[in-house]
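Report on the following structure.
Computed from the coordinates by the stated procedures, all read-outs in this text should not be read as laboratory data. Fair warning: this is a prediction, and the values are worked out from it, not measured in the lab. Counting neighbours? That spans all protein chains shown, and the Cβs are built from the backbone with ideal geometry, glycine included.
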Amino acid sequence: MTPAEAQPLPTRRETPFDPPPELGRYRVDEPLRRLRYPDGHVGWLVTSHDLARRLLADPRFSARSELKRAPVARPGADPFFGAPALPGWLVDMDAPEHTKIRRRLAGKFTARRMKELRPDIERIVEDHLDAMDSSACPVDLVQAFALPVPSLTICELLGVPYEERAAFQRDSAILFSLEVTAEQATAAMDRLDGLLRELTEHKRRRPGDDLISTLALDGTLSTEEIAGVGVLLLTAGHETTASSLSLGTLALLSHPEQLERLTTDPALVDGAVEELLRYLTIFHFGVPRTPLEDVVIDGHVLRAGDSVTVSLSAANRDAQVFDAPDQLDVGRTAVGHLAFGFGPHQCLGQNLARIEMRVAFPALFHRFPGLSLAVALDEVPLSSDMGFYGVHRLLVSW
């Protein structure tokens, strides 16, 4: 395909749980192909699992924000893409800046550390299920369960007062929306940054048993960097898991045979979580990268500065890696999925998301074995207008 023939990124879904069908055809016919970006310039789209892993692990491909271009129209990203990374925003940095910050955080998000948090997460989950149980049906599962559980969890981990949830949930939604203006996104970021800077200074004076306090007392990172890290973890740390819990619940309710397998065999839970992560892949528009030098991949020359979008949702449906990839199979071993990315920028909070999902799904369906949709599937408002795919509202009864 020549640059003149390049097409925009497909975004139209035919079903709620499957990525646009064009991505599957691209993966088979031309897994590295030209892509026309919203501003008219032509870059590249990666759709196969093998190419995605290779590119995301290749240090010649940069994650720096000043080189990034959004593959879909997203005015709210304009102030942050094409400009140097905000302090602490390690997802928009390369080594050594990325390495410096990630090393200060990695030990706080290990699988072992997350297991230690399990009793706290179980308490949070049970408290919200109790509140649901005392409510009249139908209930919006997003507001009653999927959103508050990860919000409270990340607040306790970071040391952010949960009383701030209305403000940070509002501003997080603004940041990840495709429909807000650059001015609205900048204002939201400023409010979040102000909240975390004030909190960091407070923790320096009166530290607690939380991550912000640990970073504030460590002395390695500046106040601005700690605040940036805090905003990143606070926003992504609750939005992503909320989307996974709500969309995962919708998927299980829509596949009753898979839900029955999961609820009758507790041994399937860990694998089922990995399968839901693979099958749903909430990072639905992909991951941007930019070659720092000319790179030859499978006979194609990617020039320094070219825009590249790695489609994680397409890679996670690759039949070369996963049998019957378009089917939800809670008994599948979905090892190797790319829902959390790959390489040095693989999601720092992946173990936290896993433990939250491993606790939340069994508890939800055990408490409410008759859980069902209170509206038709085609009436569920899907969040195609957000950077993370999920549902805006999920009315359920039991």
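Some values worked out for this structure:
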read-out: Dipole of the range 160-256, positive end: most advanced residue of Gly194, Leu245, Ala167 [Cβ charges, Cα centre]; value: Leu245
read-out: Global geometry of the chain, whether rounded, prolate or oblate, following the gyration tensor of its Cα atoms and the 1.5 cut on a/c; value: oblate
read-out: Size of the range 205-351 as Cα extents on the principal axes (Å, biggest first); value: 53, 49, 21
read-out: Within the chain, helix-based [θ] at 222 nm, where runs of 4 or more DSSP H residues each add -39,500 (n - 2.57), nearest 500; value: -14500 deg cm²/dmol
read-out: DSSP-assigned coil residues among GluC sites (Glu not before Pro) in the range 262-353, each with at most 16 further Cβ atoms within 10 Å; value: Glu293
read-out: Those GluC sites (Glu not before Pro) in the range 96-190 that DSSP places in a loop and that have at most 14 other beta carbons within 10 Å; value: Glu179
read-out: Cα-based reach from Lys100 at 19 Å (exclusive), listing lysines while leaving out same-chain residues under 8 positions away; value: Lys108
read-out: Shape of the range 109-234, Cα gyration tensor, a/c cut at 1.5; value: oblate
